[in-house]
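The values are calculated or read from the model by the stated rules, or taken from the named source; none is laboratory data. This one's a predicted model, so the numbers in the text were calculated from it and none came from an experiment. Positions of Cβ are generated from backbone atoms using ideal geometry, with glycine treated the same way; all protein chains shown enter the neighbour counts. Quick note on the areas: whole protein, heavy atoms, side chains included, nothing else; ligands and nucleic acids left out. Shrake-Rupley method; radii C 1.70, N 1.55, O 1.52, S 1.80 Å.
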2 protein chains.
Amino acid sequence: MKITHIILALVSFATFDCTANNLLETEQQVDAMQAAANSSGSFAREFQRRKAQVDLAMAEKINVPLPADAGGGYTHEVHKRNYAMMRDAGRLYMITQDKKYANLVRDILFEYADMYPTLPLHPKQKEQSPGKLFWQSLNEAMWLVYSIQGYDSVKSALTQKERERIENGVFIPMATYLSDESPETFDKIHNHGTWAVAAVGMTGYVIDKPEWVEKSLYGLDKSGKGGFMRQLDELFSPEGYYNEGPYYQRFALLPFALFAKAIDVNDPDRNIFEYRDGILLKAITTTIELSYDGLFFGINDAIKDKGIDTMELVHGVTIAYNKTGEKGLLTIAKEQNQILLTGDGLEVANALDEGLAKPYPFVSKVYGDGIKGDEGALVVMRQNQAADHQTLVFKATSQGLGHGHFDKLNWLFFNDGEEVVYDYGAARFLNIEAKYGGHYLFENDAYAKQTIAHNTLIVDETTHFKGNTKVGNQRHPEVLFSEFDEQMQISSAIMKDAYDDVVFSRTQALVNSDEGHVFIIDILDVETEGKHQLDLPVHFNGQFIESSVAFTGKNKSQSALGEKNGYQYLWLQAQGKVTDNLAKVTWLNKNTFYTHSTVINSSNKQLDQELLMVRIGANDPNFNLIAKQALINRVNTAGNVQFLNMLEVHGEYNGSREYTIDSGSQLSSLENVSSQSNDDAITLIKATFETGVTYLLAIAKDATDKNAKTA
Amino acid sequence: MKITHIILALVSFATFDCTANNLLETEQQVDAMQAAANSSGSFAREFQRRKAQVDLAMAEKINVPLPADAGGGYTHEVHKRNYAMMRDAGRLYMITQDKKYANLVRDILFEYADMYPTLPLHPKQKEQSPGKLFWQSLNEAMWLVYSIQGYDSVKSALTQKERERIENGVFIPMATYLSDESPETFDKIHNHGTWAVAAVGMTGYVIDKPEWVEKSLYGLDKSGKGGFMRQLDELFSPEGYYNEGPYYQRFALLPFALFAKAIDVNDPDRNIFEYRDGILLKAITTTIELSYDGLFFGINDAIKDKGIDTMELVHGVTIAYNKTGEKGLLTIAKEQNQILLTGDGLEVANALDEGLAKPYPFVSKVYGDGIKGDEGALVVMRQNQAADHQTLVFKATSQGLGHGHFDKLNWLFFNDGEEVVYDYGAARFLNIEAKYGGHYLFENDAYAKQTIAHNTLIVDETTHFKGNTKVGNQRHPEVLFSEFDEQMQISSAIMKDAYDDVVFSRTQALVNSDEGHVFIIDILDVETEGKHQLDLPVHFNGQFIESSVAFTGKNKSQSALGEKNGYQYLWLQAQGKVTDNLAKVTWLNKNTFYTHSTVINSSNKQLDQELLMVRIGANDPNFNLIAKQALINRVNTAGNVQFLNMLEVHGEYNGSREYTIDSGSQLSSLENVSSQSNDDAITLIKATFETGVTYLLAIAKDATDKNAKTA
Ligand SMILES: [Zn+2]
Ligand SMILES: [Zn+2]
């Protein structure tokens, strides 16, 4: 302890000489911010708004309570408010040079400095990584990331003595606690580790401890086994995809972006934004691109109201615009509707004021998963971006660690601003006390993660990998091919080991034909020798209109669909034997009709095929789940089976103008022509519409070629 | 027949001399339109758009098929398109004086003139009032209302011979068919009658048959027993409320507005817009006012996507703005986003271009029902219009004829753009063939009209008036009082004869307190001597969060709630005995929490009180109903019972900023203090919140005074 204190004194002395150096912006940027705040425009407006807010808050007494409450509780929230306030007041001092803001930051930090050294571990400490101010060290790192920004902005206004009191009292011991004293978290290749290294590294820059920056970059032993650089190497795929999906990618983004920005400003020679072929910028743009209409794709444990306007992505977009000048980012910034009071924020504000924004270039793309990008992929197929902007998400990723769902070769579909074929996302009501304190609900594991909650194959009512995450993390699908052109986007993948004796592969194509037909072709091939029950659900949003199958409705009572693996949460509303060739279901979502059609191909004539309609809600006495619906195509048979599906997008319902067109499906036949000709090299799908148009889709089995023709 | 022809010749001769007279605008307005079309602005833009549309359509061959199909069928739709095209082409000729448009109207009318005289009744004739071109005479009247406008605009370009051919061939025989030959419809005091008199009256102006105008105004016998004036007397209440509700009011508005406009232009001395204290303008503004966030209140047989942007109301608002210059109407016009190519349309366009629009003055108001306004009322209570704009609709109207629902003393509530407490509206998918041809579904009568589909009292699972519309039309609630001030809006009504031996009265108050509490107090008093099951449902939109009642969930199977009167369509999802004083249910809708609390007051201690959670969907194998939900407070007891309810609006869920405040109900107690003191003259309600604030609501039983105090 004593040694630490001596080093500290030296450090704070050294700091004194470099007050001109700012953590997140150049001196020119600071000058520009000071000028901009006094002129007009969106930066000035945001400055005035934020100033009024802080001025109002300053009227209240500083409140730094002894840590007592867990996440969401009183002291937790107060300490969170304090760090945000210090960051904001620091910004205001940087811009106005009005001492009252510097004094505010100083006075708050004095209280923390007086309290922190004697704090024991938090009384409500959480699991393996407790904090002192907060129940978990993750929140402690967040406190430091924000507070150090506030301190950085005001330290030029403080005396050496004041600085020593603050740095010795709180920053040094906290950074030490988060690094040397918490090696497991600090050296972990995980977003919690990123928060820790960002906090310690940023603190290292501000109080001039290059050693801390080194440790943050290369791990406590500076070997590169831990630290920020290895996180950059391993937490993103080469395309910038984060294994847990966009919801968690967004969460992880803030420390990545802020620390990188600090490195860029303070150590420009490290060329951090060029590292690994620009991985940081890719991580930011990929987060943007894994969204539809402003909301992230709801895969894995996503809470579905999160999107590109989250604070983390505001920072990411602002920093990325400064580095790239990409005008598409400005459109995202405009939708975020939130200007940052930083040097980069000013550049975004000016560019927006000048009307420089261009549409963000959303395109079809394969986002490889895994360090090398070869452990499956998230395939995003986009069409018709100018008008109805369809997006088909083909989820051929690997498991996604603890927040992953058992949803191999799942898909989602969006059209005209609506999520038409959905993933349930997480079963969680964030921050709502009555719902298990706002944590993940029991039903998240029991239902939302299970395969039946997804639009993919379930064999014998059993979840992929038998619901074992560890096993899932070791296996992944293989993407066979992906091709994107004007009329058609197509991708194919195979999953070999989700089940012991079943291999399944899936090919999905999004077609916008010259004749005006919009549809998805979806071919699911199941290879097995045994006899199985095969379920293929489609979770759809909208109002059921009609089906080609005659249902036996559950008129007076209805029962749960099954006993376990998520089936126990579904009411079986109606079911019907499929006797017709095409099993069709049509629904209406907003103003558009959708028809899902299924043909089962099998050499086995003993096909027992059914169509089921289900709704979430059984075994849910506390209504923890949302009562959404799905259709399920079910087959009981032995041997190989092909589910050949089409989703048609058709017609228009116009309520206010009182007309409806093409409310019925136009598909008259859907066939696998190749199975008849016994030609194994090529799968040939033929779809005929009532308009007389026929489409042929030829897929080479060697998985290197595909071709589509219109006859 | 022969006599008719002779008269016609005279008439068309007379017409020739007055080509300068236009049906819907003055000469000055026509001049202004011609000038405006060549300048810039929104009128010119609409002119260009419409011109491009008509020019495109002109490339196709004129198509006037022999009538064959029913509503929605091919010939039906073609004849509808034709009349819209004639109206539009007429407008274009009026503005451009380009003969090609006049020729188009002429050529189409020639075809009709050649065909009409020999047409029998329509092959798919509907019920009592068949048409010839269309299956029902209602559509025939619509054809005439539109086509005569087109003819009016171009007739100055036609030779006398051309006019004779058209007038003799189609206008005269059709107007004769709709008037003299269809006396039941023409003289009916009903919106079908309005279409007929508007069609014949407008035709009278255009082809100069003042006799027809007289008949249209005062009935075939010109006694005033039928006709437009009596319709104005009887179809609207003094406040401009139309008995069937806003959805049908909107539908009826077009012929009222157009014919009145034609009268105003051609017979200004009739002062038609001043008639009955300005009833026509009141009918228009009332239609606007019976809406929330642009959509009509979903009462009676309403299809809930209809709102103020419907074509009928575009005409209404345009005409009303010309008469009144009320700048609030411009805000409605802006939301309608549709400029009419008429003289009045130009005035609206200019005013919008000049930025003259002011907020529409939505206020709390009692819309009396019935000719004298004393057969109940729709009470609309509005608060906080600038921000969250709450609207409480207390439906104390009379039955509303064939489209009325059995929903005496029902209520709806809207907040922050959302319908929070809903009425199901109509069970109908307009124009969707697969859903019973787009007609009202069987479930409209069987479920949507039934009392259980509403938020009001159901005694012994029996619908009001035993579900008999004729009986319902003869009875109505009585409004006891209504008072609106800054903090509180309150209204009270009594329904004496919905049941043989039960009288119920209801008082509803919408409160925005100085302390920031927003809530509804809802007191339902049930007077009876017998023993009954009393159900009081609340149909809510949102996700269930929690309840104070311990539910027994229906885990493995669930059953329909009842056997008849709509109960057979509800799944009983969960139920619980109410043992606590307050039966609470909290839900989340968008970003706001709502808690409904109920206290049952009764002198009878043998209270058997339950809370039920239900969802629509039982006995509905074709999914004709939308799977919405409700809570039901149920009491089984004898004698008088008071349901004392509160709906709290509280808290905020912010997904993108990740915070939640006040997700729990703040109400700690709700009491009827007067029942304890046995003071019969005054009902005294006491509500205490966890913030420590207590509200007292005193309601004098003599129904002439109310008072609320904050302690
Ligand atoms: Zn999922
Ligand atoms: Zn209703």
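Out of the residues in the range B:539-549 that are buried (at least 22 other Cβ atoms within 10 Å of the Cβ) and not aromatic (Phe, Trp, Tyr), state the one that is nearest to the other protein chains (Cβ to nearest Cβ).
B:Ile545
What is the one condition in (1) under 27 Å from A:Leu178 (Cα atoms); (2) in contact (Cβ under 8 Å) with a residue 60 or more places away in the chain; (3) basic (Lys, Arg) that A:Arg50 does not satisfy?
(1)
Can you tell me which residue in the range A:419-436 is nearest to ligand 2 (Cβ to nearest atom), limited to those that are in contact with a helix residue (DSSP H, G or I) (Cβ under 8 Å, 6 or more places away or on another chain) and open to solvent by less than 10 Å² (accessible area, probe 1.4 Å)?
Looking only at the range A:419-436, we keep the residues that are in contact with a helix residue (DSSP H, G or I) (Cβ under 8 Å, 6 or more places away or on another chain), and these are A:423-432, A:436.
When the remaining residues are screened for being open to solvent by less than 10 Å² (accessible area, probe 1.4 Å), the result is A:423, A:425, A:427, A:432.
Numbers: A:Asp423: 35, A:Gly425: 33, A:Ala427: 33, A:Ile432: 32 Å.
Ranking the qualifying residues of the range A:419-436, first place goes to A:Ile432.
If only one of A:Ala257, A:Ala252 is at pLDDT 95 or above and either open to solvent by 10 Å² or more (accessible area, probe 1.4 Å) or away from ligand 1 (no atom under 16 Å from the Cβ) (or both), which one is it?
Details: A:Ala252 fails: at pLDDT 95 or above.
Matching residue, one of A:Ala257, A:Ala252: A:Ala257.
Checking the conditions here, which among A:Gly376, A:Gly404 is out of contact with any strand residue (DSSP E or B) (no Cβ under 7 Å at 6 or more places or on another chain), within 30 Å of A:Gly467 (Cα to Cα) and either at pLDDT 95 or above or within 16 Å of ligand 2 (Cβ to nearest atom) (or both)? Don't jump to the end; show me each part of the working.
Details: A:Gly376 fails: out of contact with any strand residue (DSSP E or B) (no Cβ under 7 Å at 6 or more places or on another chain).
From the options A:Gly376, A:Gly404, the qualifying one is A:Gly404.
Looking at the range B:285-311 only, could you name the residues that are open to solvent by 10 Å² or more (accessible area, probe 1.4 Å), assigned to a helix (DSSP H, G or I) and at pLDDT 95 or above?
B:Thr285, B:Glu289
If the requirement is being more than 14 Å from chain A (Cβ to nearest Cβ), open to solvent by 30 Å² or more (accessible area, probe 1.4 Å), over 16 Å from B:Gly542 (Cα atoms) and touching a residue at least 40 places away in the same chain (Cβ under 8 Å), which of these qualifies: B:Asn636, B:Asn604, B:Asn645? Quick ask: steps written out before the conclusion?
Working: B:Asn604 fails: touching a residue at least 40 places away in the same chain (Cβ under 8 Å); B:Asn645 fails: open to solvent by 30 Å² or more (accessible area, probe 1.4 Å).
Checking each option against the conditions leaves just B:Asn636.
Only one of A:Gly370, A:Gly376 is more than 15 Å from the chain's Cα centre (by Cα), over 18 Å from A:Ala302 (Cα atoms), within 16 Å of ligand 1 (Cβ to nearest atom) and of a type outside the set (Phe, Trp, Tyr). Can you tell me which?
Working: A:Gly370 fails: within 16 Å of ligand 1 (Cβ to nearest atom).
Exactly one residue qualifies, and that residue is A:Gly376.
Looking at the range B:550-560, which of its residues are surrounded by 23 or more Cβ atoms within 10 Å (Cβ to Cβ) and more than 7 Å from chain A (Cβ to nearest Cβ)? Show your work before the answer.
Applying the first criterion (surrounded by 23 or more Cβ atoms within 10 Å (Cβ to Cβ)) to the range B:550-560 yields B:554, B:558.
Correct list: B:Lys554 only.
What's the number of the condition B:Val30 fails, among (1) within 32 Å of the chain's Cα centre (by Cα); (2) under 18 Å from B:Asp98 (Cα atoms); (3) among the β-branched types (Val, Ile, Thr)?
Looking at each condition in turn, B:Val30 falls short on (1).
Here are some residues: B:Thr660, B:Thr704. Which one is at pLDDT below 95 and either within 14 Å of chain A (Cβ to nearest Cβ) or over 36 Å from the mean Cα position of the chain (by Cα) (or both)? If you could, list the steps in order and put the result at the bottom.
On the way: B:Thr704 fails: either within 14 Å of chain A (Cβ to nearest Cβ) or over 36 Å from the mean Cα position of the chain (by Cα) (or both).
Of the residues listed, the single one that is at pLDDT below 95 and either within 14 Å of chain A (Cβ to nearest Cβ) or over 36 Å from the mean Cα position of the chain (by Cα) (or both) is B:Thr660.
Under 7 Å between Cβ atoms, at least 6 apart or on separate chains: pull out the pairs that start in the range B:452-469 with a residue that is of a type in the set (Asp, Glu) and part of a loop (DSSP other than H, G, I, E, B) and end on any residue that is open to solvent by 10 Å² or more (accessible area, probe 1.4 Å) and within 15 Å of ligand 2 (Cβ to nearest atom).
B:Glu461/B:Asn565
Would you check which residues across the range A:317-340 are in a helix (DSSP H, G or I) and open to solvent by less than 20 Å² (accessible area, probe 1.4 Å) and list them?
In the first step, residues of the range A:317-340 are kept if they are in a helix (DSSP H, G or I); the result is A:317-324, A:328-336.
Listed by number, the residues that qualify are A:Val317, A:Thr318, A:Ile319, A:Ala320, A:Gly328, A:Leu329, A:Leu330, A:Ile332, A:Ala333, A:Gln336.
Only one of (1) part of a helix (DSSP H, G or I); (2) open to solvent by 40 Å² or more (accessible area, probe 1.4 Å) is not met by A:Val213, so which one is it?
Of the numbered conditions (1) part of a helix (DSSP H, G or I); (2) open to solvent by 40 Å² or more (accessible area, probe 1.4 Å), the odd one out for A:Val213 is (2).
From the list A:Leu570, A:Leu631, exactly one residue is under 27 Å from A:Gly655 (Cα atoms) and within 28 Å of the chain's Cα centre (by Cα). Which is it? Walk me through how you get there before you give the answer.
On the way: A:Leu570 fails: under 27 Å from A:Gly655 (Cα atoms).
A:Leu631 is the lone residue from the list that is under 27 Å from A:Gly655 (Cα atoms) and within 28 Å of the chain's Cα centre (by Cα).
Given the criteria more than 9 Å from chain B (Cβ to nearest Cβ), under 28 Å from the mean Cα position of the chain (by Cα) and open to solvent by 10 Å² or more (accessible area, probe 1.4 Å), does A:Val614 qualify? Talk me through it step by step, then tell me what you get.
On the way: more than 9 Å from chain B (Cβ to nearest Cβ): yes; under 28 Å from the mean Cα position of the chain (by Cα): yes; open to solvent by 10 Å² or more (accessible area, probe 1.4 Å): no.
When the stated conditions are applied, A:Val614 does not pass them.
State which residue is most open to solvent (accessible area, probe 1.4 Å) when the search covers only the range A:60-102 and only residues that are free of Cβ contacts under 8 Å to residues at least 12 places away in the same chain, in a helix (DSSP H, G or I) and of a type outside the set (Ser, Thr, Tyr).
If we take residues in the range A:60-102 being free of Cβ contacts under 8 Å to residues at least 12 places away in the same chain, in a helix (DSSP H, G or I) and of a type outside the set (Ser, Thr, Tyr), then A:Arg81 is most open to solvent (accessible area, probe 1.4 Å).
Answer yes or no as to whether A:Phe519 is in contact with an Asp or Glu (Cβ under 7 Å, 6 or more places away or on another chain) and of a type in the set (Phe, Trp, Tyr).
Spelling it out, A:Phe519 is indeed in contact with an Asp or Glu (Cβ under 7 Å, 6 or more places away or on another chain) and of a type in the set (Phe, Trp, Tyr).
Give the residues of the range A:608-660 that are in contact with a helix residue (DSSP H, G or I) (Cβ under 8 Å, 6 or more places away or on another chain) and farther than 30 Å from B:Glu312 by Cβ, sorted by residue number.
A:Ile616, A:Gly617, A:Ala618, A:Asn619, A:Asp620, A:Asn624, A:Leu625, A:Gln642
So, in the range A:368-382, exactly how many residues are surrounded by fewer than 24 Cβ atoms within 10 Å (Cβ to Cβ) and touching a Leu at 6+ places or on another chain (Cβ under 6 Å)?
Total meeting the criteria: 0.
Residues A:His476, A:His439, A:His454: which one is more than 16 Å from ligand 2 (Cβ to nearest atom) and open to solvent by less than 20 Å² (accessible area, probe 1.4 Å)?
Details: A:His476 fails: open to solvent by less than 20 Å² (accessible area, probe 1.4 Å); A:His439 fails: open to solvent by less than 20 Å² (accessible area, probe 1.4 Å).
Matching residue, one of A:His476, A:His439, A:His454: A:His454.
Out of A:Ala357, A:Ala349, which single residue is part of a helix (DSSP H, G or I), away from ligand 2 (no atom under 16 Å from the Cβ) and more than 14 Å from every other protein chain (Cβ to nearest Cβ)?
Details: A:Ala357 fails: part of a helix (DSSP H, G or I).
Answer to the check: A:Ala349.
Looking only at the range A:154-201, count how many residues are open to solvent by 10 Å² or more (accessible area, probe 1.4 Å) and closer than 17 Å to A:Asp221 by Cα.
11
Tell me yes or no: at least one residue of the range B:411-418 is within 16 Å of ligand 2 (Cβ to nearest atom), open to solvent by less than 20 Å² (accessible area, probe 1.4 Å) and within 14 Å of chain A (Cβ to nearest Cβ).
No - not one qualifying residue is present in the range B:411-418.
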